[in-house]
Protein chains: 2
Amino acid sequence: MSRKSVLSLSLLVLAVATPLTAAAQSEEPRRGFLAGQWEDQRAIEERFRAIPDPARLREYMEYMTEEPHIAGFGHGSKRVADYALEKFRSFGLDAAIEETEALMPIPTDRHVEVLGPEPYTLRLAEPGVPEDKDSSDQGLLPSYNAYAADGDVNGEVVYVNYGIPEDYEKLAELGISVEGKIVLARYGRSWRGIKAKLAQDNGAIGALIYSDPEEDGYYRGLTYPEGPYRPKWGVQRGSIMDMPIHPGDPLTPGWGATEDREKLTRETARTLVRIPVLPISWGDALPILEQLRGTVAPNDDWKGALPITYHIGPGPVTVRMRTAYDWQVRPIYNVIARIEGSTYPDEWIVHGNHHDGWCAGATDPISGAVQLMETARGFGELLQAGIRPRRTVVFALWDAEEWGLLGSTEWAETHRDDLGEKGVVYINTDSTGKGWLSFAGSHTLERFLNEVAGDIEDPERGVSLFEAARARRLETAANPDARREIEQSDDLRLAALGSGSDYTVFIDHLTMASLNLGFGGDSPGGVYHSNYDSFHWYLKFSDADFVFGRALSQLIGTAMLRLANAAILPFGFTALADAMETYVEEIRETHAAMESPEEIDFEAIESALEALRDAGQGYEESLAGLSDASAEAVLANVRVSELNQLLYTSERRLGYDEGLPNREWFRHQVYAPGFYTGYGVKTIPGVREGIEEEEWDAARFYVRVVSEALSSLTDQVREAERIVASLR
Amino acid sequence: MSRKSVLSLSLLVLAVATPLTAAAQSEEPRRGFLAGQWEDQRAIEERFRAIPDPARLREYMEYMTEEPHIAGFGHGSKRVADYALEKFRSFGLDAAIEETEALMPIPTDRHVEVLGPEPYTLRLAEPGVPEDKDSSDQGLLPSYNAYAADGDVNGEVVYVNYGIPEDYEKLAELGISVEGKIVLARYGRSWRGIKAKLAQDNGAIGALIYSDPEEDGYYRGLTYPEGPYRPKWGVQRGSIMDMPIHPGDPLTPGWGATEDREKLTRETARTLVRIPVLPISWGDALPILEQLRGTVAPNDDWKGALPITYHIGPGPVTVRMRTAYDWQVRPIYNVIARIEGSTYPDEWIVHGNHHDGWCAGATDPISGAVQLMETARGFGELLQAGIRPRRTVVFALWDAEEWGLLGSTEWAETHRDDLGEKGVVYINTDSTGKGWLSFAGSHTLERFLNEVAGDIEDPERGVSLFEAARARRLETAANPDARREIEQSDDLRLAALGSGSDYTVFIDHLTMASLNLGFGGDSPGGVYHSNYDSFHWYLKFSDADFVFGRALSQLIGTAMLRLANAAILPFGFTALADAMETYVEEIRETHAAMESPEEIDFEAIESALEALRDAGQGYEESLAGLSDASAEAVLANVRVSELNQLLYTSERRLGYDEGLPNREWFRHQVYAPGFYTGYGVKTIPGVREGIEEEEWDAARFYVRVVSEALSSLTDQVREAERIVASLR
């Protein structure tokens, strides 16, 4: 029998190997539960899953999107926070607003004009849509990129395509420099902050970022209000803080903004861009693009969907950009609700979603926030029925995520000691729609999450969320190999987390095991970060009857209940070893394909991974040995608490105190957002980016760091295995 | 030593294995010449190549493009024919206009309007460009598709993308029918006649074909007159006769139009479309496309570059089309010049290019026609110096090519007996520009053509045309395999001929070995078949100083001189076997990839190919044995004439008298335009299309036909080899 078969067999004992629909939910205990304990848990879960109510999701959303609620600007964010606080309390939860603060500049001047050949003054505004009252609210924030610099510059324009590293390589090849120019980049293919950083690093004096209709406009489908896609004057707002250095308040990196410690200044802050940058609509970009001449777009990849011949320039069109901001430190309102655990109050299951939005923010973030509130209501109802979770659960509605994950980052930095000691799992949601569940997070939770997804019914397809997602992955598999891999796996592989939402501080900085969940794939994009991300849009084009919202609440509530009540926390380690093996393989291939790379010896990581896999399998076998153990006896064993602590702090072993090169805030050695990709993940980042940037010493150094982290994790897993064995 | 090495060695003796630049032209005899004969030939060729003169090419073009010269309409075509006749005579050639006729309908009514939702009457006209006097000539032909039917229809519109078979498959998958609808198809990916045929076959009542800017408009580059690409109101005219059935007069398939034989009627003609069809500009298509709703374009492949969301419909937009034609039989003026051969007057080397154009036709066809005239002038000068070719050479300026290869087809059908007996090679040119030589034609001439190209200097790159083309192929190779194949071959592989120009009747119907040559790759498209294909455009964007035109004349003149004077005609047979092997391999792969194909046994073709390769190699070895033979003795041998006849009739063996299924006019069993691709070639068409269409019996039948043709050719090659051996 191969080791893999032994493993499968062992999983069959303590858990289910093949997920089932909710209707056919098996009687066998789920991962983490003992035979004598599962029936009670199952009843609690079923009771919970009957609670989330689409009508309430809709009611919360309608209220929370009625006024713009950007953090720090106007009263909307506080209004939403107060509403959520009141709701949490009405559910019977212990809730409070935990206020913090951060540097949050609001524009006082925005002016862009084409000086010639044909003059044009940019509109820089999104007109209201008559049928959508929320699209023309007076309190709407001007369109801008948060943390861009004050400035008044003019110069020739250079079109830089997406403005990502490969585009600058192409420009260099063509002999075109952006030094002293204003770059015009289109949204897409990377997080916007990278476009600003690269423009600045390449010597540009200003940058405009526009939404080409190829990305999310008429090229994709009909535009708002007839269809869901971005209209001519639609603008994508968004932060361009250099978050791959660190998110959170630019002036308090690594510590809570309200701590008694001297802040950095704007001059010493590392995450502020030094040039003016503004986002614009394609309506405003067209008068610039159609006047550009010089080099023609070198290939189709450089062409968008506007009715012009795309040119790179430089010039002859020249533009003046003038911007100014008030550079105020503003308050942030995190709304935190908690239920103290009955047995392990010092083990925290944290679930968060932000509540601030650039405008009405129906999809981003209210679609996810209302799910969280409804999940919290479910826990409140159970509590009122006398059902208290064994571990502490925390519900957090973060503020100021849009600016750079400010609320979650400052809160977690403030509570870093508590979280380091007590944090079991962080579960994040954000924008959600309809379609299929996306799976992302720590691989130590892969088996657990697959199992939970197998127990929740898809609202449209009569199968479980797991089965629906699996069918979707098979249908959209990029190639036969990818398809075969899905077919041959019991579980769906979790995507690795990069950045872009509030899980960042938990996984990357505090190295708490984390998940990020939501529905997508069948809800169109097109109004992201614009005035049109409204209740009206959501009802017309997304999860109009809120059944996917309910399913998400059922999923997350079930996951939280299992994590809160499990006898043995449902972590596992073989999926992590498997995932890391594919990452190492990718990095090896990158390295092998380089022109003249220095030698990198991956042997240390590979043998560490082999040891981790062995330990992980040993742990699974040892768990299987508990199948007929008495639940009472096990739960009464004094070592269970020690075991669980070993399990939930396992992810801590993957942190490295010095962090990554030039960005010590990022401590996780398996997952990180790429330094030059922004939100996009770079797995095993120390090694991968070292190789990509040809920093050979760094790459070799991080091979050692990662290997040591893996060995330390392996020791911890072996210790857990020994304790499990002792519980029989 | 492998057979391949033996072959290379043998080639080294009689010919040069690696082509050289003209400057370094070696003293070794070229293929077909004996040692004692080559010096004279070489002197003649050098003398010839000094003659073609860019100033004259320009002068001819300026005159010939000064007025529109569509065949049958107005006096332009006769004016050009008379000019060419006068020129040929002034060069000292025996020339005449050979008049024929064909059905050539001219529109008497064209009206298209959008009935709603938003009414719009289509412009159907190309405005003049002020800086280009020829773009607004009063004699310009209205934009239309020749041979479309009279009609007055109205109906909902369905957008069918390119209107090719795979698009109709996608429509079927989406449950959309064009039955009773008017289809809107975009130009591109196939010859336009296929779009009309498929619209009709699928039940559409009318068709509009428009030029999407993605194909040749602003998406490619700046538009005329600022740039070379098709402007908003530019229209691509063109014939939609069902040429894959047969080209030429629709009323006289297979026989000369002026022969004393009853013509078909419009009702019995097989190549006339039965529905109204018109070509339109994107300016006229946009008001239709932007009002289409219903199904959204299912993927990016269905999207063009217009600033809209592409929908398929049907409707709600409805269109009325009204068209009428005069259905006249009109005169056609082929201009034929000839020089009787001194030794073999009954062996003809024919070179042709058409002279009619839809409008001013500077690129299409005058760029090629002026080359032919200048080449003829070179032969005239030699003649006046007492240098007469040993074989007869014929220069033909065809009329009415644009309508469906009318002039060349009727001429060749009229002279079918002479050509069958005497036709050695047909060399075609048509539109030409600047860039790199394109190589296409009968593989029995592959080695010969490569060698000639190695002796002509590229006008820009200081290397031979062969070397420039080879470097270009390496640079643009699709993948490493393709690159390796080029690197490992001595010769550049000829492309197989489909259709689309006047070689069609020669190769496909009469099975005369043929070549089609021209320069491209560095001259932009965009004004094809429009009023803007003018002298002004040509000077601004194409071969403005006519140096590529001169190089083409040098190339073709050299090739004609070699063919005319060779002791042993420079045919070869191993390249044909190699090329056919790749075709068989492609067909095998298609067959293997089908869902449930019936068995096809390729063994007969493969063993026939093996035998042909052996015979071809034997022939080369036998030629090598002549290296030290006395030229005088060989030339005096009575069997040389028999040998040459075997060589130049070798291509006849690849014909099959019953032709291809449903199109007996197409007799060649290796090359044919695809029944559903139009111009695009289908090699080994009987077998390939039988398999593609799942006509298994037909496929098996043509396996036998092709195998027998190959065996017959092999016998002829073996006979040639025996004669060569006897010449030593």
Practice prompt. All but one of (1) touching a strand residue (DSSP E or B) at 6+ places or on another chain (Cβ under 7 Å); (2) under 30 Å from A:Q554 (Cβ atoms) hold for A:T323, so report the exception by its number.
Written response: (2)
Item to complete: Output the residue which, of all residues in segment B:185-225 that are on the phi > 0 side of the Ramachandran plot and touching an Asp or Glu at 6+ places or on another chain (Cβ under 8 Å), is nearest to the other protein chains (Cβ to nearest Cβ).
Response: B:G188
Worksheet entry | Every residue from segment A:214-234 that is closer than 20 Å to A:P365 by Cα and under 22 Å from the mean Cα position of the chain (by Cα) | A:D216
Worksheet entry | First in segment A:617-628 and assigned by TED's automatic domain parsing to the domain that holds A:D715 and closer than 15 Å to A:F33 by Cα, second anywhere and crowded, with 21+ Cβ neighbours inside 10 Å and at pLDDT 90 or above, Cβ under 6 Å, 6 or more apart | A:S622/A:E721; A:S622/A:V724; A:L623/A:V724
Item to complete: Tally the residues that are within 26 Å of B:F91 (Cα to Cα), part of a loop (DSSP other than H, G, I, E, B) and in contact (Cβ under 8 Å) with a residue 24 or more places away in the chain, restricting the search to segment B:27-74.
Response: 10
Item to complete: Using the structure shown, decide if A:L93 is crowded, with 17+ Cβ neighbours inside 10 Å and in contact with a Lys or Arg (Cβ under 9 Å, 6 or more places away or on another chain).
Response: yes
Discussion item. If I filter segment B:293-320 down to residues being within 11 Å of another protein chain (Cβ to nearest Cβ) and over 17 Å from B:E214 (Cα atoms), which single residue comes out as nearest to the chain's Cα centre (by Cα)?
Written reply: B:V296
Practice prompt. Could you list, in sequence order, all residues of segment A:86-137 that are part of a loop (DSSP other than H, G, I, E, B) and within 23 Å of A:H354 (Cα to Cα)?
Written response: A:F91, A:G92, A:L93, A:M104, A:P105, A:I106, A:D137
Item to complete: Quick one: B:A257 ticks every box in (1) away from every other protein chain (no Cβ under 14 Å); (2) surrounded by fewer than 20 Cβ atoms within 10 Å (Cβ to Cβ) except a single one, so which number is it?
Response: (2)
Worksheet item: Across segment A:91-149, what is the total count of residues that are among the aliphatic types (A, V, I, L, M), under 14 Å from A:R237 (Cα atoms) and within 27 Å of the chain's Cα centre (by Cα)?
Response: 5
Item to complete: Considering (1) modelled with pLDDT under 95; (2) farther than 30 Å from A:V319 by Cβ; (3) in the same structural domain as A:R266 (by TED's automatic domain parsing), say which one A:Q37 fails and leave the rest.
Response: (3)
Worksheet item: Does A:S499 satisfy the criteria of being buried (at least 16 other Cβ atoms within 10 Å of the Cβ), modelled with pLDDT under 95 and among the hydroxyl-bearing types (S, T, Y)?
Response: yes
Worksheet entry | 1 or more residues small (G, A, S): qualifying helices (runs of 4 or more DSSP H) within segment B:451-570 | B:465-475, B:480-488, B:547-565
Discussion item. Looking for something surrounded by fewer than 24 Cβ atoms within 10 Å (Cβ to Cβ), at pLDDT 95 or above and not in a helix (DSSP H, G or I) - is there at least one such residue anywhere in segment B:404-425?
Written reply: yes
Worksheet item: Under 9 Å by Cβ, and 6 or more places apart or on different chains, what pairs join a residue from segment A:226-248 that is within 14 Å of chain B (Cβ to nearest Cβ) and touching a residue at least 12 places away in the same chain (Cβ under 8 Å) with one that is crowded, with 24+ Cβ neighbours inside 10 Å and of a type in the set (A, V, I, L, M)?
Response: A:P228/A:V527; A:Y229/A:V527; A:R230/A:V527; A:P231/A:V527
Response to the item:
When segment B:50-90 is checked residue by residue, the ones that are in contact with a strand residue (DSSP E or B) (Cβ under 9 Å, 6 or more places away or on another chain), of a type outside the set (A, V, I, L, M, F, W, C) and surrounded by 20 or more Cβ atoms within 10 Å (Cβ to Cβ) are B:G72, B:S77, B:K87
Practice prompt. Within segment B:426-436, track down each residue that is within 14 Å of the chain's Cα centre (by Cα) and part of a strand (DSSP E or B).
Written response: B:Y426, B:I427, B:N428
Discussion item. Suppose we filter B:L643, B:L612, B:L654 for residues that are farther than 30 Å from B:Y162 by Cβ and touching a strand residue (DSSP E or B) at 6+ places or on another chain (Cβ under 9 Å); which single one remains?
Written reply: B:L654
Response to the item:
For segment A:451-467, the count of residues that are under 25 Å from the mean Cα position of the chain (by Cα) and surrounded by fewer than 23 Cβ atoms within 10 Å (Cβ to Cβ) equals 3
Worksheet entry | Those residues of segment B:650-692 which are among the polar types (S, T, N, Q) and surrounded by fewer than 19 Cβ atoms within 10 Å (Cβ to Cβ), in sequence order | B:N662
Worksheet, complete the sentence: Within segment B:252-289, residues of a type in the set (D, E) and either over 27 Å from the mean Cα position of the chain (by Cα) or farther than 22 Å from B:R416 by Cα (or both) come out as B:D260, B:E262, B:E267, B:D284
Worksheet, complete the sentence: Filter segment A:96-108 for residues that are buried (at least 20 other Cβ atoms within 10 Å of the Cβ) and among the hydrophobic types (A, V, I, L, M, F, W, C); the one that is nearest to A:G361 (Cα to Cα) is A:M104
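The values are calculated or read from the model by the stated rules, or taken from the named source; none is laboratory data. The structure presented is a predicted model; accordingly, all values stated were derived computationally and were not measured. Here the Cβ is made from the backbone with ideal geometry for all residues, glycine too, and neighbour counts use every protein chain on show.
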